[in-house]
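Contents: one structure, followed by commentary.
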Amino acid sequence: MIKLWVVTSLQLAELFVSSIVHLLYGFYIFSSAVAGDISLTLNDYLFKSNVDFNDLGDTGQRLSNVEGLPPIVLVHGIFGFGKGRLGGLSYFGGAEKKDERVLVPDLGSLTSIYDRARELFYYLKGGRVDFGQEHSEACGHSRFGRRYEEGQYPEWDEDHPIHFVGHSAGAQVVRVLQQMLADKAFEGYEDTTENWVLSVTSLSGAFNGTTRTYLDGMRTDDGMSMKPICLLQLCRIGVIMYDWLDIPWLKTYYNFGFDHFIISWKKTGVRGLVDCLMGNAGPFASGDWILPDLTIQGSTSINSNLQTFPNTYYFSYATKRTRRIMGMTIPSGVLGIHPMLFLRVFQMSQWRFPQDVSPPYKGYRDEEWQENDGALNTISMTHPRLPVEHPSRFIRSDSECQTLQPGIWYYKIVEADHIMFIVNRERAGVQFDLIYDSIFQRCRKHVFRKIPQTLPNLSPSSPRSSPRKNNFVH
């Protein structure tokens, strides 16, 4: 009895600490965005810049050259946001400014991998988001979502493929989208193929799930439902209230992406709120949200329908903030780990799957899942492994990278926590520039199928544009 009381007390204390830490970090991000917007507005008002009309000709020429480049699309992860949300704050820490043609879509921050992949397609091609009739009926939401009057890359097809860079869950979104293209899953677009995707780069990508979902409150026995008292239950209540209140200016600033579930008080009233809170309606009732997709069981189920395609280039940066000492896995320091993640780094490094629950897959070993970055297990980030391992090659250093081939996941392991390369670029320092410069240079200089691209301000005859085929050099 005393042991049970002690364990319960510790669990409640951990829940309290985790809730406060995450709430403070969310407030920090929100207040930083507001402060940045106020500063920008005052600066524009007080110091109006003069336009140098002599530069207009050069600018027009630069934009003209950029038109020939395929866009690099940066896809955010869980609780993320794209361009236009949270004011001028950048999820990718301003990395999008490193290239002339980068797109940063704003997808649902907590919506399912499936829903986000559908939304990403229409963001690029244009039109009204169609989640599909069968899926929408099964999950209890509207078939159609937001309308993109004009796609960001309407010419997208096999002759105009795209580079995708996904952080965290964003990497899995890209993989699901590519499979949908191969399966011709978009009504009215019968010509889609997997070759619409030229390259996929994963930054701390969630390919095989994470044990953190269980620490946050997902049940280990099914990977779909939540424990009655946990951090995710508090998150669920907060999200439902946020969407039900439906405050226009607030949702314009940040949106969890559940508008197609029609939770707003304007349409459902108090009864709708009660139904959602009681678990009778909404995304948390149907399981059509991001967390079930990030459990090991959920990721394995998704992966069972996904392929690694022979004409697409794949590269992955897996992160970790742990080390092995005398057979034990522990956090690799204190200062290098974000305060929001330190407790989870420790907990994930000591993770043991409950003995009274069947392991999530045959051959599962706790030791293989203990290295982590505070959000994802390192083993999950390297390449798709479950239920079948995809072709891969481990790269220790840049000097080992010679000619790379499509259809293989090349991966490196980087010492960093899960949010080192997003939002606050100062935390990563020089490493931030090294990572993103490497990604963008690979996309622009060394990855193509037919003819080399003409980079901005370079003519086709430039030595940098000499003909090469199927080379992917780091």
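Close amide H partners of MET224, meaning residues 5 or more places away or on another chain with modelled amide H under 5 Å apart, are ARG219. Relative contact order of the chain, please, whole-number percent, based on alpha carbon pairs below 8 angstrom and at least 6 residues apart. For the chain, the relative contact order is 16 percent. HIS163 sits with roughly 0 Å² accessible to a 1.4 Å probe, with DNA, RNA and ligands left out of the calculation. Rounded to the nearest 20, the size of the Cβ-charge dipole of the chain about its Cα centre is 880 debye, with Lys and Arg at +1 and Asp and Glu at -1. Taking a ≥ b ≥ c as the square roots of the eigenvalues of the Cα gyration tensor of region 148-281, is the shape rounded (a/c under 1.5), prolate (a/b larger than b/c) or oblate? Verdict is oblate for region 148-281.
Pull out a ≥ b ≥ c, the square roots of the eigenvalues of the alpha-carbon gyration tensor of region 201-248, then state rounded if a/c is under 1.5, prolate if not and a/b is larger than b/c, and oblate in the remaining case. Since a/c reaches 1.5 but b/c is at least a/b, the shape of region 201-248 is classed as oblate. For the set MET381, MET326, the ranking by accessible area, highest first and with no ligand, DNA or RNA atoms included, is MET326, MET381 under a 1.4 Å probe.
Ranked by the mean number of other Cβ atoms within 10 Å per residue, highest first, peptides 425-433, 280-288, 201-209 order as 201-209, 280-288, 425-433. For THR322, the residues whose amide H sits under 5 Å from its own are SER332, ASN372, ignoring neighbours fewer than 5 places away on the same chain, with H placed 1.01 Å from N.
Taking every DSSP helix (H) stretch of at least 4 residues in the chain, weighting each as -39,500 (n - 2.57) and dividing the sum by the residue count yields a mean residue ellipticity at 222 nm of -11500 deg cm²/dmol.
Taking the average, over residues, of other Cβ atoms within 10 Å as the packing measure, peptides 244-256, 226-238 rank 226-238, 244-256 from highest down. 3J(HN,Hα) along region 171-177: 5, 5, 4, 5, 4, 5, 4 Hz, from the Karplus curve 6.51 cos²θ - 1.76 cosθ + 1.60 with θ = phi - 60°, whole Hz, x for Gly and Pro.
Dividing the alpha-carbon radius of gyration of region 291-430 by 2.2 N^0.38 Å (N being the number of residues), what value is obtained? Numbers along the way, then the final one.
Details: Rg = 16.1 Å, N = 140, 2.2 N^0.38 = 14.4 Å.
Ratio of Cα Rg to 2.2 N^0.38 Å: 1.12.
What is the local net charge at ARG118, summed over the other residues whose Cβ is closer than 12 Å to its Cβ (Lys, Arg +1; Asp, Glu -1)? Write down the numbers at each step before the final one.
Working: positive: ARG116, LYS125, ARG128, ARG143, ARG146; negative: ASP115, GLU119, ASP130, GLU187, ASP288.
Result for the local shell: 0.
Amide H to amide H distances under 5 Å link LYS83 with VAL104, ASP106, where only residues 5 or more positions off or on other chains count and H is placed in the peptide plane. Ligands, DNA and RNA are left out, and with a 1.4 angstrom probe the accessible area of the chain is 47 Å² per residue. With θ taken as phi - 60° and the Karplus curve 6.51 cos²θ - 1.76 cosθ + 1.60 applied, the whole-hertz 3J(HN,Hα) list for region 254-266 is 8, 9, 6, x, 9, 4, 6, 8, 6, 9, 3, 4, 5 Hz, x standing for glycine and proline. Taken one residue at a time, the phi angles of region 419-425 give Karplus couplings (6.51, -1.76, 1.60, θ = phi - 60°) of 10, 5, 10, 9, 6, 10, 5 Hz. Gly and Pro are set to x.
Ranked from largest to smallest solvent-accessible area, with a 1.4 Å probe on the protein heavy atoms, CYS443, CYS139 come out as CYS139, CYS443.
The length gained on full extension between ILE325 and SER397, counted as 0.36 nm times the residue separation minus their Cα-Cα distance, comes to 23.6 nm.
When only alpha carbons are used to place a centre, region 314-367 and region 154-231 end up 23 Å from one another.
Relative to its residue count, the chain spans a Cα convex hull of 172 Å³ per residue. Carbon-plus-sulfur fraction of the accessible area of the chain, 1.4 Å probe, in percent? Heavy-atom surface of the chain belonging to carbon and sulfur, 1.4 Å probe: 58 percent.
The values are calculated or read from the model by the stated rules, or taken from the named source; none is laboratory data. Everything numeric in this text was worked out from a predicted model, so none of it was measured. Note that we place each Cβ from the backbone using ideal geometry, even for glycine, and neighbour counts take in every protein chain shown. What goes into the accessible areas is simple: the full protein's heavy atoms, side chains included, and nothing from ligands, DNA or RNA. Shrake-Rupley method; radii C 1.70, N 1.55, O 1.52, S 1.80 Å.
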